[in-house]
Amino acid sequence: MNRLGYYVTLSLRYRNKHRLQTLYSIMAITIAVILCFCSITVGMTIMNYGYETAMKHNHGCELWITEMPLNKDSIDGDEEWTPEQYKSMQKKLEALPEVRKTYLDKIYVDSDSADGDEWGYQGKNKTVSMELYFAAADRSDLKSCKEKVEEATGYRVYIDAEIAAHLGQGDDIDSMNQAAGNALIALIGALFASFAMLVIRNTMMLPVLERMKEYGVLRCVGMSKGQLYCMLGTEGILLTLVSTILGTGVGFGLLKACQGWINDCLMLDVPVEFHFYASAVVYSCLLCIGVTLFALLEPARQAAGSSIQEILRGGEYGIRKGSGKKIKPKKHRTSHGLGRLLGIEWEYAVRNMSRNPGSQIYLCIGVAVSLFLFSVVFSGIESTYATVENSTQGTHQEYSEVVQIYGDCSTKKIEEINKTIAGCSGVQKSGLFLAGSMFTMNNDVAAHIPEREEGSFIFFSDVGYDEKHLKGMKSRLVDGTLDYRKMVQQNGVILCDYQYNKKDDEGNTTTEDTRVTDYKVGDTIEMISPEAERKVTKDFDKMLTKLEKTVGKEPDSGDTKKAKAYWKKAAAYLDTRGYPVEKYENTSVFGGGYSIFNMKYAMQQCAIDAGKVIRFPILAIVKEDPYNSALIDGCSSIGAGLIMADQTMMKWGMPYGMSMLDTLPYGKCSKGIGFVRDIRKSKKDVADYVKKWNEESENNSYELGQMVGDTGYADMEFGDDNVVLNHSLELVRKTGLAVGGFILAVCLLQIFNITAANITMRRKEFWLLRAAGMSLKQMQKMVYLEKGISCLLGIIIGALAGYGASWLMVERIMNQDGGAFDGTGGILFIWPWWQILLAAVLVYGLCLFAGRGHLRREVKQ
Amino acid sequence: MAFLEVKDLTRIYGKKDNTLTALDHVSFSVEKGEFVAITGASGSGKSTLLHLLGTMDEPQEGSVFLEEEESVLGQREAKRSVFRRRKIGFVFQEYNLVPVLNVEENIQMPVRLDGKRMDPQYLEQLLKILGLTDRRYHLPEELSGGQKQRVAIGRALANRPSLLLADEPTGNLDHQNGLEVMSLLKRSVEEFCLTLIVVTHDPAIASMADRVITLSDGVVISDAKVKHALSADVSAMDGRDAHE
């Protein structure tokens, strides 16, 4: 204890005297503590979030009981529990010893807006949905509790999966997911810890070097190497304890300050709340003590390993010393050559770097690690944005959003609107947009999509004109001088036919792109002829009129018997008119069932069967556009459809005014202004313009409507209406900027520390050079060169390593099973070259600048 | 056996073809309470010998016996450190005080490193002998050169060592302070019954010793006893200075 006290005294005395260095050391360790504490707290919050959310949602209960009897797989509507039955079951549960508490949750929904059948029991004024939760008396065995309650009540009980996983009672997949989550957090923690270690090591090097003579004296009067290690270790622990208080306070303050903003960005149902976990403080303190002690190993080794007599003589010591082995004489051709060509400073700088490369190596490593982390962070941000852009815009999309013009608007006015939109915030390009569609029923087309969902009549083939084909024709299409239908007929279609990251049998997304149809270039897609389609429409209307007079109006589709009888009568009538639609009764094609709504499709199919078709040749099959082909599987519409248009049209579905029954099958043009915006600047300007225009021009014959991008995957939409995605992107961007800035700041701190340590270490060398006649300017140039070369090397290594790691991360982690962006147009890897360049210039500049004052002071002593 | 026995001590720096023999089979012995001066030209091996005696360096050959026990040369570093702080006191030309510790704390250093508290009476006695009672709480930067060296002597005596090694102890001091330091060292030898080995190239200092061992190129070229009294030594120094 006496010795420990003595080490503490020695450390405190030194630290009290050299307060600036102590401040640097505490800053470095505090940075480490903040990193560790924040990552541990965030990790714990993430790990506990599911559990806490579930507990909040379930009102502190782990299980819930359902109205499904144990011996049944489904129940009828009349078997659903009434509120009284729920209350009765609640009492029954409360009487069970396995149950600690119960909670009957009631959700009231306005009966006007809710469907009673779907939402549960419909009361007098409100629709009520109920859930009966209960908490287990023994939380250590939820499964047993579930079984006993099921046995006692005869109804099915479910355990909340999140709670079970948190309590270590989840299934294998839950446990694996949790283990994977823990591993990921540990990995991030380890990365931060390594970075922190480098920072601490570089910061602690300077005080150790400055006290080298003191250590020599201590060792001379009998301090052993072990004692020296202990003394430095004690100092490290003391500094870490002080830093832990500061770091956890600052770290928690930062997290709390960001909490509201994070919740705003994430828009979660249950907001994230950062708790002050005592264990996080202990873990981060212990981790930082470990990191500090490990970081101190090198400086301590230097202090303990140097020869006492050399130190006391004020001899050379530093990051690396000679091994004492005989060195083969070198000719130093490079340094001599550089010296002759560029001056003596070059020669000395290169010689110094080759003879004593220690601190240059550390400078290089420090810069490389920082640039590496910076690259990874910014590459992550840019790749995320690019992925979202790609998923919303596609590679063959001409526009990602459209302002559509409803009503009668002149071409001149459209041009005017186009100019205004082009000037809105973030709009990168805009242009006249004309969407047309071809829509037909054809079983043969469906047959070419063999893997369409069984039992579903949703298959949608996305056929379109490449935008290049449409260029130049736009204005003619808009003003009506070019007939869209004729244009398509004359040219043919381009089929986008690849599905990106198709889902396998178990619903997991694969990384393979697969074809959806077996169409080949040169094949033709048959569609009902215009004449036949017009006849179908006419006959269909006639049929409706006839049936209304003889049978009455179409019955409610919920009444299956009446609907069937009505359908049969309609079919019998149509059969007499040459449409044998009865053969399509109960087929999955065209929706099945007995809806007259689908009858028109059946009539069209009959016309196609009778050969009343026209054929569109497939000019090309586009496979490099995963975005568009994703729609083949994902976009839904009733019936088999063929869309022939500018691909942008697919972004937002059917043009205004077009519905399944009233549209012409060969296309109907809709006018609009298509545009693409930089999603970072996706503000309200366009929406404001549209709103303002419509308010101010109520009496005009046309109005504007804004439609945002839609990939067919709701979570990947963006635009003014897609607040969640925009907020998430904002969170990614701002977090990335904060982390990037932090990394840069730490990098600069390191550069300063390493440079100062290096100059201190070489104090005698500078004095000697000064005495020999080297000017301060020459000396500065020499030091600049040394640092400049090391720093440049560090920048190159860091940037290259960052590139490799970012690429690997995107390729291997994010793309695995579709990654976080499952079902989108693929994950793009973007290298943020200009941010890296900016960071490199900043680091390089400060690297040269750092130590300027330090060198001046040392030399002038 | 003598108090200190040095046998065939050899120290070679470098390896293979690139070697320098700093000490070449040096042997001598020193009796308890003896004051020995080691002299020689620069590079003759004086400081190397002192560092070897102080277990701060390792010889290639030879051994050192202190109080009939073989010293810890060649043993592990921790053991050598303990030996050094308990048996040996060092005084250097450049004082080598810890700047953040005051006079009293600098003196106590070897005892504290041993995990002990210094006997307050002994500390008082030392401070009194060294003339530092009034300066006990001063930091080294607040002391003169002579005072600093006195603190260094105090530190060397703190653990009551049996052997005191001094490397050019007056090298950085003016005449008056040099005298005081030498007087103190001699007084310490007598008062605490120490053996003192001083490395010096100053003949006047050497003449104050009981014996003078002269080294040249790492070899003992003479080992002669000096007959005198302390006053005579001091007079000799005075005379030298007056002559200079």
Inset, instruction - Anything losing 10 Å² or more of accessible area from the isolated chain to the full protein assembly: pick those residues out of region A:177-221, probe 1.4 Å, ligands and DNA/RNA ignored. - result: A:213, A:214, A:217, A:218, A:219, A:220, A:221
Legend entry - FRET efficiency, 1/(1 + (r/R0)^6) with R0 45 Å, evaluated for residue A:420 and residue A:88 via beta carbons: 0.10
Legend entry - Nearest-0.05 FRET efficiency for residue B:183 and residue B:25, computed from C-beta distance (R0 41 Å): 0.70
Inset, instruction - Would you look at the GNM of chain B, springs on alpha carbons closer than 10 Å, and say which of B:184, B:113, B:127 moves the most? - result: B:113
Inset, instruction - Please give the per residue accessible area of region A:128-246, computed with a probe of 1.4 Å over protein heavy atoms only, in Å². - result: 40
Inset, instruction - Using θ = phi - 60° and the Karplus relation 6.51 cos²θ - 1.76 cosθ + 1.60, list the HN-Hα couplings for region A:784-800 in order, rounded to whole Hz, with x at every Gly or Pro. - result: 4, 4, 4, 5, x, 5, 4, 5, 4, 4, x, 5, 5, 4, x, 5, 5
Inset, instruction - Would you jot down the residues in region B:48-69 that end up with at least 10 Å² less accessible area in the complete protein assembly than in the chain alone, with a 1.4 Å probe? - result: B:51, B:56, B:57
Inset, instruction - Only Cα pairs under 8 Å and at least 6 apart count here; give the relative contact order of region B:46-183 as a rounded whole percent. - result: 31
Legend entry - Accessible area (Å², 1.4 Å probe, nearest 10) - residue A:807: 110
Legend entry - Distance between region A:184-249 and region A:269-309 - C-alpha centres, whole angstrom: 9
Inset, instruction - Order the following by accessible area, largest value first: A:53, A:41. Probe radius 1.4 Å; ligands, DNA and RNA are ignored. - result: A:53, A:41
Legend entry - Portion, in percent, of the accessible area of chain B that falls on carbon or sulfur, probe 1.4 Å: 47
Inset, instruction - Just read off the accessible area of residue B:116 with the full protein assembly in place, 1.4 Å probe, to the nearest 10 Å². - result: 100
Legend entry - Packing-based order for B:84-92, A:180-188, A:415-423, using average beta carbon neighbours within 10 Å, highest first: B:84-92, A:415-423, A:180-188
Inset, instruction - Can you pull the one-decimal nm distance between simple spin-label points at residue A:8 and residue B:222, each 7 Å off the Cα toward Cβ? - result: 5.7
Inset, instruction - Heavy atoms only, probe 1.4 angstrom, no DNA, RNA or ligands counted: give me A:243, A:279 ranked by accessible area, highest first. - result: A:279, A:243
Legend entry - Paramagnetic label zone (point 7 Å from Cα along Cα-to-C-beta, residue B:69; backbone N under 17 Å) in region B:193-215: B:195
Legend entry - Subset of A:225/B:186; B:7/B:116; A:91/A:146 violating a 27 Å alpha-carbon distance limit: A:225/B:186; B:7/B:116
Inset, instruction - Enumerate the amide H contacts of residue B:92 below 5 Å, restricted to partners 5 or more residues apart or on another chain; note that Pro and chain-start residues carry no placed amide H. - result: B:167
Inset, instruction - Run the 1.4 Å probe and let me know the accessible area of residue A:770, rounded to the nearest 10 Å². - result: 100
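Among the chymotrypsin sites (Phe, Trp or Tyr not before Pro) in region A:224-303, which ones are in a DSSP loop with at most 16 other Cβ atoms within 10 Å of the Cβ? Mind listing them?
Passing sites in region A:224-303 are A:276.
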Legend entry - Largest to smallest accessible area among B:213, A:614 [probe 1.4 Å]: A:614, B:213
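Determine the dipole magnitude for chain B: charges of +1 sit on the beta-carbon of Lys and Arg, -1 on that of Asp and Glu, nothing else is charged, the reference point is the Cα centre, and the result goes in debye to the nearest 20.
Value, rounded to 20: 680 debye.
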Inset, instruction - Mind giving me the FRET efficiency for residue A:153 and residue A:569? R0 is 41 Å, r the Cβ-Cβ distance, nearest 0.05 is fine. - result: 0.25
Inset, instruction - Compute the length gained on full extension between residue A:57 and residue A:808: take 0.36 nm times their separation in residues and subtract their Cα-Cα distance, giving the result in nm to one decimal. - result: 266.5 nm
Legend entry - Accessible surface, per residue, of region B:17-99 when the full set of protein chains is kept, probe 1.4 Å, Å²: 41
Legend entry - Buried solvent-accessible surface, both chains (B, A), 1.4 Å probe, Å² to nearest 100: 2800
Inset, instruction - Express the Stokes-Einstein translational diffusion coefficient of chain B in µm² s⁻¹, to the nearest whole number, given a Kirkwood radius over alpha-carbon pairs, 37 °C and a viscosity of 0.692 mPa s. - result: 179
Inset, instruction - List every residue whose amide H lies under 5 Å from the amide H of residue B:216, counting only residues 5 or more places away in sequence or on a different chain, with H placed 1.01 Å from N in the peptide plane. - result: B:221
Legend entry - HN-Hα J in Hz across region A:561-566 - Karplus 6.51, -1.76, 1.60, θ = phi - 60°, x for Gly and Pro: 5, 5, 4, 5, 4, 5
Legend entry - Estimated vicinal HN-Hα couplings, Hz - region A:755-769 in sequence order (Karplus 6.51, -1.76, 1.60; Gly, Pro = x): 5, 4, 4, 5, 5, 4, 4, 9, 3, 5, 4, 5, 4, 4, 4
Inset, instruction - State, to one decimal in nm, how far the label point of residue A:771 lies from the label point of residue B:60, with both points 7 Å from Cα in the Cβ direction. - result: 3.0
Inset, instruction - Could you tell me what fraction of 2.2 N^0.38 Å the Cα radius of gyration of region B:1-144 comes to, as a two-decimal ratio? - result: 1.23
Inset, instruction - Quantify how strongly other chains surround peptide B:90-98 by giving the mean number of their Cβ atoms within 10 Å of each of its Cβ atoms. - result: 4
Inset, instruction - Measure up A:72/A:101; A:542/A:568; A:535/A:612; A:568/A:600 against 18 Å on the Cα-Cα distance and list the ones that go over. - result: A:72/A:101
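The values are calculated or read from the model by the stated rules, or taken from the named source; none is laboratory data. From a predicted model like this one, the values you see are computed outputs, not experimental measurements. Glycine gets a Cβ as well: all are built from the backbone with ideal geometry, and neighbour counts include every protein chain shown. Only protein heavy atoms, including side chains, enter the accessible area calculation; ligands, DNA and RNA are left aside. Shrake-Rupley method; radii C 1.70, N 1.55, O 1.52, S 1.80 Å.
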